[in-house]
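*Asks:* Here's a structure for you.
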Amino acid sequence: MADNVRPRVKAPRKAKAGEVVTIKTLISHPMESGQRKDKDGNTIPRSIIHRFTCEYNGEMVVDVAMEPAISTNPYFEFEAVVPDAGDFKFTWYDDDGSVYEETKSVALA
Amino acid sequence: MKRTAAITALLGAITAGAAWAEPAEDKLTINGEIEMTTWTEPSAVVEGALPEVISGWHFRGTETRAMQSDDFDNPGMIFVEDAMAAWDEVEGEAGKSCASCHGDVEDSMKGVRAVYPKWNETAGEVRTLEMQVNACRTENMQAEPLKYTGTDMTSMVALISSVSRGLPVNVATDGPVAETWEQGKKLYYTRTGQLELSCANCHEDNYGRMIRADHLSQGQINGFPVYRLKNTKLNSVHARFKGCVRDTRAETYKPGSPEFVALELYVASRGNGLSVEGPSVRN
Amino acid sequence: MTLTRRSVMVMGAGAFVAFGLPMRATAAAEDRIAEFTGGAEMGSEGITLTAPEIAENGNTVPIEVDAPGAEAILVLATGNPTPGVAEFKFGPLAGSQSASTRIRLAGTQDVVAIAKMKDGSFAKASSNVKVTIGGCGG
């Protein structure tokens, strides 16, 4: 796993049933593109997060296939419907097989 | 001959095309809470040299400016979070962490960034924040010093800066620091390198103009450490100085050298009155 | 400088290479589009792509896509060495079919977003982003 990978998520702690909420996610990751060369002229192998998903109570919100053109420290902002109290589950899939997860609980307001 | 061509090329780059672009009229508020002073009256330090004192934030594009206004959107805050963990980490022979002596960083470090570099009476020297962090580490924690422009150090400086955001930079220029400040001022106006450019040639004489496609700022350092889109990491003041001096095609001073400490003191004082912004976002 | 036949040929070859690269990338982008749409016609209504006209640095360019009712949105950077950027698939709990992210652009180019609608139709939006070269870079 890449060094110092840490997911961050901004989601409301409370929402009304059926409310549309804004979610922001940011994960520290170099997203090595596979296009760069090191000092000796050798290509630095690609090592990126290639997929990100957000689910709520097991149902899909968004599923993103990511390519090397996503910037270092990948950032996403999107909207989700909160039908009921429950948990957001965020998952990032690294090229090296690592999986990074984060959950955020939402209570009904 | 070569030198003349190079100078002509660079000056041409500064003056050609749309030479002047107004710094953006905009208001910076962090997290909808902290009102920032980013454009202010000159202090006595820059009276006659600058008609107004403007943060580098105004010279950046709309998207870059927006990125700094929310801590979640500001990638520099990733490094602040890392430093928050380091703050509580026990290191060194004395078995202490930063928190062992200083407690909560938000309480104990508030206002600190605003007055650095400053005079340290015991050591009898002007200290940058980096020097103070390392003095704390080696003397009080009995731990290894951090590399001056390394990520661990720059992240720690960013954490300490972040809790002073919104407070005015207020660096002392007289008393025991006067001599160092004068040395820094001299360096600021001294032309260096094959291009024979001083700091002032770009950042005092030509701020607001375009240097190729880049909008020249006043070179204020109230926003340091800076998260640059270019290298997607935090950049320290001395790393930036080194880059600037190198671009004049000169042999540069070393980060942490007495010359750069003096220059930082002087440049910091030129921004007296601007809010502490670090970690800021720039291109 | 005196132009010799040789130097003209070398310059010509250089021009061809410089011209050849973006052409290849565009072809790759067209392949990706064909793969996504199956070669179907694309409308221009119902999708919005927001991107800066001028990006201060190609390393971190904020973009937003919005296509109400879309199942998926494909984003391509047609001038990059590989054109793929991201494909967003929206699930039943998506609050809108929109998303923002930050992307890398290797130079001035067209960014393209294509939405696949629920009825099987496709819509395309395109935005030219100028990537500036900094003055100093230090």
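*Asks:* Longer than 31 Å from Cα to Cα, which of B:Lys96/B:Lys242; B:Lys27/B:Lys110; A:Lys39/B:Lys118 are they? Say none if no pair is.
*Replies:* B:Lys96/B:Lys242; A:Lys39/B:Lys118
*Asks:* Nearest 20 debye, what's the magnitude of the dipole of chain A about its Cα centre given +1 on Lys and Arg Cβ and -1 on Asp and Glu Cβ?
*Replies:* In debye, rounded to 20, chain A gives about 420.
*Asks:* Rg and Dmax in Å for chain B, alpha carbons only: what are they?
*Replies:* Rg and Dmax of chain B, Cα atoms, are 18.7, 61 Å.
*Asks:* Can you give the net charge of the other residues whose Cβ lies under 12 Å from the Cβ of C:Leu76, counting K and R as +1 and D and E as -1?
*Replies:* Here the count lands on -4.
*Asks:* Gap in Å between the Cα centre of region B:99-159 and the Cα centre of region A:1-69?
*Replies:* What the calculation gives is 33 Å, centre to centre.
*Asks:* Calculated FRET efficiency, A:Arg46 and C:Thr108, Cβ-Cβ r, R0 22 Å, to nearest 0.05?
*Replies:* For R0 = 22 Å, the calculated efficiency reads 0.35.
*Asks:* A further question follows. Considering only protein heavy atoms, with the full assembly of protein chains and a 1.4 angstrom probe, order C:Ile133, A:Ile49 by accessible area, largest first.
*Replies:* So the residues, ranked largest to smallest area, are C:Ile133, A:Ile49.
*Asks:* Nearest 500 deg cm²/dmol is fine: what mean residue ellipticity at 222 nm does the protein assembly as shown get from its DSSP H runs of n ≥ 4 alone, each adding -39,500 (n - 2.57), divided by its residue count?
*Replies:* Calculated at 222 nm, the ellipticity per residue is -7500 deg cm²/dmol.
*Asks:* Could you give the C-alpha radius of gyration of region B:140-221 expressed as a fraction of 2.2 N^0.38 Å, taking N as the number of residues it contains?
*Replies:* In units of the globular-protein estimate, region B:140-221 measures up at 1.45.
*Asks:* Restricting to chain B, what percent of DSSP beta bridges are antiparallel, rounded to 5?
*Replies:* Antiparallel: roughly 80 percent of the beta bridges in chain B.
*Asks:* I would also like to ask the following. How big is the C-A contact in terms of buried accessible area, both chains counted, 1.4 Å probe, rounded to the nearest 100 Å²?
*Replies:* So the buried area, both faces added, is about 2200 Å².
*Asks:* Just for the Cα atoms in region A:17-74, what are the lengths along the principal axes, largest first, rounded to whole Å?
*Replies:* Taking the Cα atoms of region A:17-74, the three principal extents are 57, 16, 14 Å.
*Asks:* Also, I was wondering about something else. Any idea what the relative contact order of region B:174-278 is, in percent, if you count C-alpha pairs under 8 Å spaced at least 6 apart?
*Replies:* RCO, region B:174-278: 35 percent.
*Asks:* Where the accessible area of region B:112-239 is counted over protein heavy atoms with a 1.4 Å probe, how much of it, in %, is carbon and sulfur?
*Replies:* Accessible surface attributable to carbon and sulfur in region B:112-239 totals 47 percent.
*Asks:* In Å², what does the accessible area per residue of the protein assembly as shown work out to with a 1.4 Å probe?
*Replies:* 46 Å²
*Asks:* Helix B:178-188 against the longest principal axis of chain B: what's the angle in degrees, Cα atoms only, rounded to the nearest 10?
*Replies:* That works out to roughly 40 degrees.
*Asks:* How large is the convex hull of the Cα atoms of the protein assembly as shown per residue, expressed in Å³ as a whole number?
*Replies:* That works out to 185 Å³ per residue.
*Asks:* Find out how many positive minus negative residues lie around B:Val171, taking Lys and Arg as positive, Asp and Glu as negative, among other residues whose Cβ is under 11 Å from that of B:Val171.
*Replies:* Net local charge, B:Val171 excluded: +1.
*Asks:* How much of the accessible area of chain A, probe 1.4 Å, is carbon plus sulfur, in whole percent?
*Replies:* The computed percentage sits at 45.
*Asks:* Let me ask another. Using all Cα-Cα distances in chain A, what percent lands in each 5 angstrom bin from 0 up to the longest?
*Replies:* 2, 12, 22, 21, 14, 11, 8, 5, 3, 2, 1, 0
*Asks:* In a Debye calculation with equal point scatterers on the alpha-carbon sites of region B:196-283 and no solvent, what is log10 I(q)/I(0) at q = 0.11, 0.20 Å⁻¹?
*Replies:* With no solvent term, the Cα-only Debye profile gives -0.29, -1.09.
*Asks:* Next up: For the residue pair C:Lys130 and B:Ala66, what label-to-label distance in nm results when each label sits 7 Å from Cα along the Cα-to-beta-carbon direction?
*Replies:* 1.9 nm
*Asks:* In percent, what relative contact order does chain A have, based on Cα pairs under 8 Å that are 6 or more apart in sequence?
*Replies:* Averaging sequence separation for qualifying contacts and normalising by length gives 34 percent for chain A.
*Asks:* What translational D, rounded to a whole number of µm²/s, comes out for region C:36-127 from Stokes-Einstein when the hydrodynamic radius is the Kirkwood one over Cα pairs, at 25 °C and 0.890 mPa s?
*Replies:* Value of D from the Cα-based Kirkwood radius: 184 µm²/s.
*Asks:* What is the antiparallel percent of DSSP beta bridges lying wholly in the protein assembly as shown, to the nearest 5?
*Replies:* Once the DSSP bridges in the protein assembly as shown are tallied, antiparallel ones form about 90 percent.
*Asks:* Could you rank B:Ser164, C:Ser100 by how accessible they are, 1.4 Å probe, largest area first?
*Replies:* Per-residue accessible area, sorted high to low, gives C:Ser100, B:Ser164.
*Asks:* How much net charge surrounds A:Val9 when only other residues with a Cβ under 15 Å from its Cβ are counted (Lys, Arg +1; Asp, Glu -1)?
*Replies:* That sum, taken over residues with Cβ under 15 Å, equals -3.
*Asks:* Can you give the angle from 0 to 90° between the axis of helix B:2-15 and the longest principal axis of chain B, with both taken from C-alpha atoms, to the nearest 10?
*Replies:* Once rounded, the angle reads 80 degrees.
*Asks:* Please find the FRET efficiency linking C:Met42 to A:Lys10, where r is the Cβ-Cβ separation and R0 is fixed at 30 Å, and quote it to the nearest 0.05.
*Replies:* 0.30
*Asks:* Rounded to the nearest 100 Å², what's the accessible area chains C and B bury against each other, both chains counted, probe 1.4 Å?
*Replies:* Protein heavy atoms only, the C-B interface buries about 1600 Å².
*Asks:* Do you know which residues of region A:6-30 lose at least 40 square angstrom of accessible area in the protein assembly compared with their chain on its own, with a 1.4 angstrom probe?
*Replies:* A:Arg6, A:Arg8, A:Lys10, A:Lys24, A:Leu26
*Asks:* Just the Kirkwood number for region B:158-203, please: inverse of mean 1/r across all distinct Cα pairs, in Å, one decimal.
*Replies:* 13.1 Å
The values are calculated or read from the model by the stated rules, or taken from the named source; none is laboratory data. Keep in mind that what you see is a predicted model, and the values were worked out from it rather than measured. Positions of Cβ are backbone-derived with ideal geometry, glycine not excepted, and every protein chain shown enters the neighbour counts. Ligands, DNA and RNA are excluded from the accessible area calculation, which covers all protein heavy atoms including side chains. Shrake-Rupley method; radii C 1.70, N 1.55, O 1.52, S 1.80 Å.
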